[in-house]
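Input: a single structure, listed below in structure tokens.
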Amino acid sequence: MDCVGVDGAKAGWIAVWRAGDRFAFEVHTSAQAVVSAHRQARVVAVDVPIGLAEHGAREVDVLARRFVGGRRACSVFSAPVRGILDAASQPEASRRHRAIDGRGFGAQAFGLLAKIRDWDTVLRSDADAARIVREVHPEVSFAALNGGVGLAEGKKSVAGAAKRMQLLSAVLGAQVEALLSAVPRRAAARDDLLDALVALWSAERIAAGIACSLPSPPGRDAVGLPMAIWY
């Protein structure tokens, strides 16, 4: 379990890693469960905002949208400002976000707030976890795999899934298809698995010392958490 790729899924979080000549997977219900199960990993790469701004848009998100470009740039959501992490409802989150930052906070973004808060809580309280966990974004990683060009096809489309499979198989091997067949759809959708696998690819690049980050060098937020997307 040298490196682990993690993506949000129906049942919580889907984690994938290499186990000999195949890929293994596990579904976890919380950030703490992910960290506890994979504490010996060198790198855990997860698709979730980690370092958060006090106000204004994160430079990380601006750079990631520019890197992905085209039609898929909109897949990079703006992370919330830190001051609304404890908001209990979308109207409250939007009102407080607007007061702090001048921007509202929509329903789709609010749907991710609990997961962002979950990881923030774990990483702020666990220095060992903060040392090995890195933020990634699947569309950034796929763009890097695609020669620096963002994928035009949506990840849920047939063409998009086929393109992502092609890119992943070229760098991770033939067992990519075997993993997709092994994971029950009630645990994780096909696109979630592809995102977890490209997170694993990024994690292995980080461990090998050949990964890039947006921005470079990485920054840190006001509480000391890293603020960068790796690929």
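All of the numbers you see were taken from the coordinates with simple rules; none came from a lab. None of these values were measured; they are calculated from a predicted model. FYI the Cβ positions are ideal-geometry reconstructions off the backbone, even for glycines, and counts take in every protein chain you see.
So if we plug the beta-carbon distance of ALA73 and ALA19 into 1/(1 + (r/R0)^6) with R0 = 30 Å, what FRET efficiency do we get, rounded to 0.05?
Plugging the Cβ-Cβ distance into 1/(1 + (r/R0)^6) gives 0.30.
Residues with amide H under 5 Å of MET227's amide H, sequence separation 5 or more or different chain, H placed in the peptide plane at 1.01 Å from N; which?
Under 5 Å from the amide H of MET227 lie the amide H atoms of GLY219, ARG220, ASP221, each far enough along the sequence or on another chain.
What span do the alpha-carbon atoms of the chain cover on each of the three principal axes, reported in whole Å from largest to smallest?
Principal axes ranked by extent give 51, 37, 37 Å for the Cα atoms.
What is the spread of the Cα atoms of segment 121-176 along each of their three principal axes, largest first, in whole Å?
Its Cα atoms span 42, 24, 21 Å along the three principal axes.
Sort LYS156, LYS10, LYS115 so the one with the fewest other Cβ atoms within 10 Å of its own Cβ comes first.
Ranked by crowding around the Cβ, least crowded first: LYS156, LYS10, LYS115.
Would you please name the chymotrypsin sites (Phe, Trp or Tyr not before Pro) within segment 1-88 that are DSSP coil residues with at most 10 other C-beta atoms within 10 Å of their C-beta?
none
In segment 168-223, which trypsin sites (Lys or Arg not before Pro) fall in coil by DSSP and have 16 or fewer other Cβ atoms within 10 Å?
Sites meeting the loop and neighbour criteria: ARG185, ARG186.
Of all the C-alpha pairs in segment 94-231, what % are more than 23 Å from each other? Show your work: numbers first, answer last.
Details: 4372 of 9453 pairs.
Roughly 46 percent, rounded to a whole number.
Using Cα positions and a limit of under 14 Å, work out the aspartates and glutamates in reach of LYS115, with same-chain residues fewer than 8 apart set aside.
Cross-link targets: ASP7, ASP47, ASP86, GLU135.
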